[in-house]
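Step one of this worksheet: look at the structure below.
The values are calculated or read from the model by the stated rules, or taken from the named source; none is laboratory data. Because the structure is predicted, anything quoted here is derived from the model rather than measured. In this analysis, Cβ positions are derived from the backbone assuming ideal geometry, glycine residues included, and neighbour counts consider all displayed protein chains. Please note that ligands, DNA and RNA were not included when accessible areas were found on the heavy atoms of the full protein model with its side chains. Shrake-Rupley method; radii C 1.70, N 1.55, O 1.52, S 1.80 Å.
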Amino acid sequence: MSQLPSHMKGVVLTHHGDLDALSFRHDLPLPIPAATDVVIKVAAAGVNNTDINTRKGWYTKDDSTDVESWNGEAFVLPRIQGADVCGYIVAVGSKVDTARIGERVIIEPCLTEAEGAKLPSPWYFGSECDGGFSQYTKVAAKHAYTVNTSMSDAELASFPCSYSTAENMLHRANVVTGDRVLVTGASGGVGSAAVQLAKARGAFVVAITSESKQDALKALGADDTLTRDCNWLAYAKDKPFDVVIDLVAGPRWPELLEMMRPFGRYAVSGAIGGHSVTLDVRTLYLKDLQLLGCTMISEEVFGNLVKRIEAGDIAPLVSKTYPIEEIKQAQTDFEQKAHIGKLVLTL
């Protein structure tokens, strides 16, 4: 630590609201590792829905007076956000092997250990603790995964949050070879990851996207595509789906359940189309459906994701990179949804 600077640059969320809630600073104190932590020099950090939702206070329930984080706990400010990180270990805590210094790593964003202790309930990197929108960050050594690949730092930073979320949904829904899988919001970071990862499991994948992005999703591996405004029920009438991977919810949500075969599995980890939906309980029980809410990442998921990256089973999909000083422009572009894949900040 003595060879590192005492201060660093980074972006701090100072309050909840619009882009003025983000403050770029050069005088942030360097993170100090606990005994089981590593300090990482951040090379690249991806932009996510979680960052924007938290900035806006989106996770807060309507009847709550406190702004909440993704897990329902009161959000503490100021906070350095950023769940998607690729970087290099530059220092370690007293209980971590110094041989790890120099490793290029990606960070598992769903944390079970922080500040040298096991957590009673998971934290999300950049939410309950400071994340990667800064020159340096820290995390428990167990959550820093070395990846052996020729991919660039920005490409590796496109994986942790989106791909682990997608892999967790597929894991929870037990997607296997031959399953027919429908992915909503397929052009976004998690959606495009779900398309690739479902194909890697041997599924037949149909992606819902805008008309302009259909060819790109097919090139990514989708067997077929549906537009957001076409007749979904007619498409699924003769060949219903085993699994729906949903990131949108919104007004057409009831159709997703109607498109599923008996004993189908529905997994959700987003609601960009609207979080309040109408459920006809008869559809749920008469079709023996499983509804799976997916936030906390199962223990084996991130390690399996790293293996898929190293094996070349999945490819990075970086739409654009920005210097971290341009985070406000990156978040503006993210919300316009004109891209496919990930927007990544570089340091």
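Tabulated results
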| item | result |
| --- | --- |
| Length released on extending from ARG228 to VAL176, taking residue separation times 0.36 nm less the Cα-Cα span | 16.1 nm |
| Nearest-10 value in Å² for the accessible area of TYR163, using the 1.4 Å probe | 0 |
| Percent antiparallel among DSSP beta bridges (both partners in the chain, rounded to 5) | 55 |
| Mean Cα-pair separation over length for the stretch 217-347, i.e. relative contact order, pairs under 8 Å, 6 or more apart, % | 17 |
| At 0.890 mPa s and 25 °C, Stokes D of the chain from Kirkwood alpha-carbon radius, µm² per second | 119 |
| Using alpha-carbon coordinates, inclination of helix 160-172 to the longest axis of the chain, degrees | 40 |
| Label point distance in nm, THR149-ASP238, each placed 7 Å from Cα along Cα→Cβ | 3.9 |
| Tensor-based shape of the stretch 305-346 (alpha-carbon gyration tensor, a/c under 1.5 rounded, otherwise prolate or oblate) | prolate |
| Table column - 3J(HN,Hα) (Hz), the stretch 28-38, Karplus curve with 6.51, -1.76, 1.60, x for Gly and Pro | 6, x, 5, x, 9, x, 6, 4, 9, 9, 10 |
| 3J(HN,Hα) from dihedral phi, the stretch 134-145, Karplus parametrisation 6.51/-1.76/1.60, rounded to Hz, x for glycine, proline | 7, 5, 9, 8, 9, 7, 4, 4, 5, 9, 9, 9 |
| Global form of the stretch 222-269, assessed from the alpha-carbon gyration tensor, a/c cut-off 1.5 | rounded |
| Exposure rank, largest accessible area first [LYS138, LYS342; 1.4 Å] | LYS138, LYS342 |
| Nonlocal amide H pairs with LEU119, under 5 Å, H built at 1.01 Å | GLU113, ALA114 |
| Heavy-atom accessible surface of the chain: percent carbon and sulfur, 1.4 Å | 50 |
| Residue-by-residue Karplus 3J(HN,Hα) for the stretch 230-237, coefficients 6.51, -1.76, 1.60, Hz, glycine and proline x | 7, 7, 5, 5, 5, 4, 8, 4 |
| Nearest 10 degrees, 0 to 90: helix 189-200 Cα axis against the chain principal axis | 70 |
| Angle between the chain longest axis and helix 327-336 axis [Cα atoms, degrees, rounded to 10] | 0 |
| Value of Rg to Rh for the stretch 187-313 (Rh from inverse mean 1/r over Cα pairs, i.e. Kirkwood) | 0.96 |
| Cα gyration tensor shape of the stretch 76-174, rounded if a/c is under 1.5, else prolate or oblate by comparing a/b with b/c | rounded |
| Probe 1.4 Å, accessible area per residue of the stretch 223-340, Å² | 53 |
| Taking the chain and dividing mean pair separation by its residue count, relative contact order in percent (alpha carbons under 8 Å, at least six apart) | 17 |
| Sequence of LEU119, LEU197 when ordered by accessible area, the most exposed leading, probe 1.4 angstrom | LEU119, LEU197 |
| Amide H contacts under 5 Å for ASP179, placed H, 5+ residues apart | PHE204 |
| Trypsin sites (Lys or Arg not before Pro) lying in DSSP loop within the stretch 83-113, provided at most 13 other Cβ fall within 10 Å | LYS95 |
| Ellipsoid equivalent to the stretch 1-157 - semi-axes via the Cα gyration tensor, in Å | 26, 17, 15 |
| Mean Cα-pair separation over length for the stretch 108-211, i.e. relative contact order, pairs under 8 Å, 6 or more apart, % | 20 |
